[in-house]
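Have a look at the structure below, then the notes.
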Ligand code: ADP
């Protein structure tokens, strides 16, 4: 139907309304005619023209209306169709729009799907990340806890400060030192925590670390809240963030008090050893001095040839023994890097003659021959430390004789002139002894080394001599060489370059014309008196002797002496005490009388003696030459420039010390009774370890004042229980003005530490004895 309507409409449009109306009319007429004819023909059976005309007329009347109606209808239909088409187009446009939107929507949905998928993926990733982070955080926390416990369990101090010097944290050890919890410490500065002096040190060292960006180490004594002191080795290290910006510093502090104690104990042990060596050598020297001095005096007296030889052997043996002491002392000095040589003008032929004499005698004893060879002229006066050269040559000759059983020992001297007024001298000592295997040659100069396979001779000796000789030779600017063949013998050569001087530069005693002097000799050992008196009398002096300090002072005041010779250790006082008394005497003659110390051990420089009231000092055994020199100097008989520097001695010894203050102890015993008095003694015994510990620590800390303060307490406490010896030591230790406080304080502290308990034992015994005697 719509198709038909469309066709009709299209036809109408094509034909136009008139022609379409005519077509409708014609169609209608034809249709009416057909219907009338058919109906008339069937119903009536006959047709009239009217039958034909009627449909035509009817058609003509009705056709226009019909055409109009159709036309209108068709127009309406057209309009509807247009509208429909328009609606259709609109619909299509809408559809297209809709489709586009749907597409867009679909795209958007797709995009959203994708986004959702991505979001899901991101969420999963985030979840993974969160889980990982959580795990990392847990690990970090665990690590931090571990690190913290590690830091806290460290016995070392650990702390950190920012660049402003403000604390950011610390460990437990540090909390204990500053007596403050970390939380309270954070935000504070060193000056809020430490006393000013330490805070200042902290500021200075912090400044250095932060300015130079370099770590720094230093030692510092710190005081714990309970008052005990500890020496810390602090190390400060700058730290920066990941970008390299300086953030502050880490500080580490290690308690090195024990280490310091150990080091000090080691030093003390070394000092003790030195004291021991000095004391022993001092003790041995006194009798030796007697032998050397007296045998020398006897040697120069009227004797038969045989007696002269015997005495000479005694003399030379004693001198050799003295040299062994020297070796031992030198060994100690070597260890303390204190070996010194003092070159002075000496008469070389004289020195060589002495050595030849000694060697001849020693060889004769072993039935060896001694040969002396000399190539070139021996200069009369050279500058060298004669004692040391003698020591080296004696050592080599002694070895040569010791390691040779048959044949000969020789001293060969080769002298060659050298530049700058010097001579090069090779002193060679040759022997025909056991010899030394070539692989041993470089070892024999080592300390204590002895070649193991040398027959019977190997046990004799110490293995020190060559080592000391080599170092002495080196100290004199020379060298020792050795060549040897096993079974054939050895050759040791000392090469030295010696400045040659003229005779008048020799400060020889023979050049000194001494006046006749009236001397007071203060010496308590009989043997030493005999030796010194003989020497002095030989020099033309008249000698009076005082055997203790009191007599010496009395005699010095009463007599009219030109010179005093003072031994240092006397039973009642020291030679220095006498010198001091005389220096302060109102009588100017006494003040000005020259005082020369006669002393036994070579320890310190002569200046020490001069400072303490002596004009000079001469060591024992008395060397006549040196004594003459000292007198010549004191009485202006020689020029100052020609005066020989002499190393002199300081006695290191112990005086018999009274342990208890007996009067006081008796008094206390009588008034308090033993029991109460012993209680005080026990209290003292309890206090002392702390006092000693404290003094040792303060000593280490270098806090002299604190040491003296504790010593003061010890003095009081020791006095209150009658411990005289400890009290006396403490009295010295408390006196910071004491001229040798620094030098002695270690010994004093150790003295108090070592004496107090045995002195207390003595006190207890004393009280017991007193109880019993009641
Ligand atoms: P000491 O003689 O007291 O053992 P030294 O330091 O003087 O010590 O000598 C070290 C070692 O060198 C000796 O023990 C010895 O083995 C060897 N020695 C030194 N001189 C000679 C020598 N003339 N002949 C053979 N061996 C020697």
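Observations on the structure shown:
- Segment 422-456 - residue that is modelled with pLDDT under 85 and more than 11 Å from the ligand (Cβ to nearest atom) and, of those, nearest to the chain's Cα centre (by Cα): 442
- Selection status of residue 404, surrounded by 20 or more Cβ atoms within 10 Å (Cβ to Cβ) and either part of a loop (DSSP other than H, G, I, E, B) or away from the ligand (no atom under 13 Å from the Cβ) (or both): yes
- Verdict on residue 396 being crowded, with 18+ Cβ neighbours inside 10 Å, within 12 Å of the ligand (Cβ to nearest atom) and in a strand (DSSP E or B): no
- Filtering 496, 506, 517 for residues that are touching a strand residue (DSSP E or B) at 6+ places or on another chain (Cβ under 7 Å), modelled with pLDDT of 90 or more and more than 16 Å from the ligand (Cβ to nearest atom) leaves a single hit, 496.
Matching residues to (1) outside any strand (DSSP E or B); (2) loosely packed, with under 13 Cβ neighbours inside 10 Å; (3) in contact with a helix residue (DSSP H, G or I) (Cβ under 7 Å, 6 or more places away or on another chain):
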{"position": "528", "(1), (2), (3)": "yes, no, yes"}
{"position": "534", "(1), (2), (3)": "yes, no, yes"}
{"position": "537", "(1), (2), (3)": "yes, no, no"}
{"position": "545", "(1), (2), (3)": "no, no, yes"}
{"position": "552", "(1), (2), (3)": "yes, no, yes"}
{"position": "565", "(1), (2), (3)": "no, no, yes"}
{"position": "580", "(1), (2), (3)": "yes, no, no"}
{"position": "586", "(1), (2), (3)": "yes, yes, no"}
{"position": "589", "(1), (2), (3)": "yes, yes, no"}
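- Any hit, segment 417-440, residues being farther than 30 Å from residue 379 by Cβ, free of Cβ contacts under 8 Å to residues at least 40 places away in the same chain and assigned by TED's automatic domain parsing to the domain that holds residue 363: yes
- Residue in segment 457-471 that is surrounded by 17 or more Cβ atoms within 10 Å (Cβ to Cβ), at pLDDT below 80 and part of a loop (DSSP other than H, G, I, E, B) present: yes
- Residues that are touching a helix residue (DSSP H, G or I) at 6+ places or on another chain (Cβ under 6 Å) and surrounded by fewer than 20 Cβ atoms within 10 Å (Cβ to Cβ), drawn from segment 345-354: 351
- Residues within segment 669-691 that are touching a residue at least 12 places away in the same chain (Cβ under 8 Å) and more than 29 Å from residue 707 (Cα to Cα), tallied: 2
- From 87, 67, 63, residue being part of a helix (DSSP H, G or I) and either free of Cβ contacts under 8 Å to residues at least 12 places away in the same chain or outside the structural domain of residue 13 (by TED's automatic domain parsing) (or both): 87
- Conditions (1) in a helix (DSSP H, G or I); (2) in contact with a helix residue (DSSP H, G or I) (Cβ under 9 Å, 6 or more places away or on another chain): number failed by residue 96: (2)
The values are calculated or read from the model by the stated rules, or taken from the named source; none is laboratory data. Predicted model only: the values in this text are computed from it and were never measured. For neighbour counting, all protein chains shown are included, and Cβ atoms are generated from backbone atoms with ideal geometry for every residue, glycine included.
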